[in-house]
1. What net charge do the residues around ALA15 carry, taking every other residue with its C-beta under 10 Å from that of ALA15, with Lys and Arg at +1 and Asp and Glu at -1?
2. Could you rank the peptides 134-144, 59-69, 102-112 by their average count of other C-beta atoms within 10 Å per residue, with the highest value first?
3. Please compute the net charge surrounding VAL35, taking Lys and Arg as +1 and Asp and Glu as -1 over other residues with Cβ under 10 Å from its Cβ.
4. Tell me the relative contact order for the range 5-163 as a rounded percent, counting alpha carbon contacts under 8 Å between residues six or more apart.
5. Seen from all sides and averaged, what is the projected area of the convex hull of the Cα atoms in the chain, in nm²?
6. Excluding ALA99 itself, calculate the net charge of residues whose Cβ lies under 12 Å from the Cβ of ALA99, where each Lys or Arg counts +1 and each Asp or Glu counts -1.
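All of the numbers you see were taken from the coordinates with simple rules; none came from a lab. In this text the structure is predicted, and so the values were computed from the model without any measurement. For neighbour counting, all protein chains shown are included, and Cβ atoms are generated from backbone atoms with ideal geometry for every residue, glycine included.
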Amino acid sequence: MIVPAAALGVLAAAAGETATRELGRTLGRSLGARVAERLSASGGHVRDASLEAVLEGLAGELAIVGLGALSMERWGRALLVCVSDAPVEGAIGDALLAAVIEGMLAAASGRELRTLPVAREGARLRVLVANVASIERVGEWLGQGLSWGDALVRLHAPRAEEAS
């Protein structure tokens with residue numbers, strides 16, 4: 001079935017955040033599974049592939065379905081997935097894209113992870129990819145007004161209970 005990407009934004013706005021995230025994860029798992037299948041076709045595993053090969057596969061899948069151009073940034077140990085020129089905007093569009101990325105990466109890597117939209121700068125969305133605890137901490141800091149860059153710096157700092 002072919003659905004215009006902009007129609008997903010309309011559906012997401014009507015469905016609410018919980019349904020939007022599930023829709024995004026489901027779509028993302030389908031895209032990520034195709035990448036994993038291609039990369040493991042020669043008997044290997046996605047984890048054996050280079051980051052560039054995985055990124056190329058994921059970016060291609062996202063572009064084919066019309067959801068934007070994907071790239072990645074490293075901030076210390078933090079991984080940010082960036083989406084440019086996405087046809088869905090606003091908080092619900094950001095939630096949809098973050099969920100698609102979450103599903104893609106989980107299916108491609110075989111690992112459970114979470115995502116959190118951390119910054120929208122014009123047509124560019126940055127999404128943090130991390131474990132549940134890190135996503136919760138960064139979400140809390142952003143809710144307290146900390147900038148996303150400072151939140152990533154704080155994420156790398158030793159935790160008080162670990163330092164003693």
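1. Values: positive: ARG21; negative: GLU17, GLU22.
Spelling it out: positives minus negatives among the neighbours equals -1.
2. Details: 134-144: 15.1, 59-69: 17.6, 102-112: 20.3.
Going from most to least packed, we get 102-112, 59-69, 134-144.
3. Values: positive: ARG34, ARG38; negative: GLU37, GLU56, GLU61.
Once all neighbours under 10 Å are counted, the net charge is -1.
4. Working: 250 pairs, mean separation 40.1, N = 159.
Over the range 5-163, the number comes to 25 percent.
5. Working: hull surface 41.6 nm².
Mean shadow area of the hull around the Cα atoms is 10.4 nm².
6. Numbers: positive: ARG21, ARG25, ARG29, ARG114; negative: GLU17, GLU22, ASP94, GLU102.
After counting each charged neighbour, the total is 0.
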